[in-house]
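Okay, so here's the structure we're looking at.
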Amino acid sequence: MNLLTTHNVKLGNMVAFSITPVITCPGKSKWCEKYCYSKKLEKIRKSCRIAWENNYIFSQGPEFVEKINLELKYHDRPYCRVHVSGDFYINEYIQKWIDIAKNNPTIKFFSFTRSYRIPELVEKLEELKDMENVSLLASVDPSHDYIPQGWKLAIVNEKRERTIKSFPINDEYQRVVSDSIHCLEEKFIEDNGLTYKQIKKDKIPIMTCSKCKVCIQGKKNVHFNGK
């Protein structure tokens, strides 16, 4: 069983790891409960649901760190995206990623999390966040009741009128959106009037995460459009 994937076109030259969404997301917000992309994806792609379930189960076992270490060495990619789906669900699991990052100092790990909203997970998350080869961004959306201090942010820039009616935009949220840069991949697609279907069909080269590196470097706040 392979835990890591390499075929995500949007990510580019990196490996990725995912687990079952929702049940592994203790800090989930009202917005992400309603609009969770991974939850929609596992309904239409049985292979994703099965793979994520298997990964989640395996992540709880004693061989997880060693297995990830072996796969990282095998794939030999410079970057690892942790959690295209899922989040850091308990302290023991966060510690496993701390151990993995320590064992692989030449690989840059990056992830977005809402688990900072759970007080008992904050200390371990900040230990992970402060590692030299880790970029851990706090996910923020219009339904959040506060924005964490001392974190770089990954922000949902919500523009849909029907959504804003449910989750009114406050001044603090608007300030952090204004103080962030737009995901360069999204910006490229919007500026050129493209769709992901068209990109895949015509094999149009896009700005991937491994080329952009804004989230990977973790030095700036970045925003993504609500979808």
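The values are calculated or read from the model by the stated rules, or taken from the named source; none is laboratory data. All values derive from a computational prediction rather than experimental measurement. With ideal geometry, Cβ positions are generated from the backbone for all residues, glycine too; neighbour counts draw on all protein chains shown.
Key figures for this structure:
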{"quantity": "Count of residues meeting criterion [touching a His at 6+ places or on another chain (Cβ under 9 Å), under 25 Å from C212 (Cβ atoms) and either part of a loop (DSSP other than H, G, I, E, B) or in contact (Cβ under 8 Å) with a residue 40 or more places away in the chain (or both)] in the range 69-123", "calculated": "3"}
{"quantity": "Of all residues in the range 58-93 being buried (at least 22 other Cβ atoms within 10 Å of the Cβ), among the hydrophobic types (A, V, I, L, M, F, W, C) and under 17 Å from the mean Cα position of the chain (by Cα), the one that is nearest to K30 (Cα to Cα)", "calculated": "F88"}
{"quantity": "Residue check, A101 more than 27 Å from S178 (Cα to Cα), surrounded by 18 or more Cβ atoms within 10 Å (Cβ to Cβ) and in contact with a strand residue (DSSP E or B) (Cβ under 6 Å, 6 or more places away or on another chain)", "calculated": "yes"}
{"quantity": "Pairs, first farther than 14 Å from K187 by Cα and part of a helix (DSSP H, G or I) in the range 208-223, second of a type in the set (F, W, Y) and modelled with pLDDT of 90 or more, C-beta under 8 Å, six or more apart", "calculated": "S210/Y79; C215/F110; C215/F112; I216/Y79; I216/F110"}
{"quantity": "Filtered residues of the range 1-52 (kept if surrounded by fewer than 18 Cβ atoms within 10 Å (Cβ to Cβ), over 18 Å from I155 (Cβ atoms) and among the hydroxyl-bearing types (S, T, Y))", "calculated": "T6, S47"}
{"quantity": "Residues of the range 173-227 classified as polar (S, T, N, Q) and surrounded by 14 or more Cβ atoms within 10 Å (Cβ to Cβ), total", "calculated": "5"}
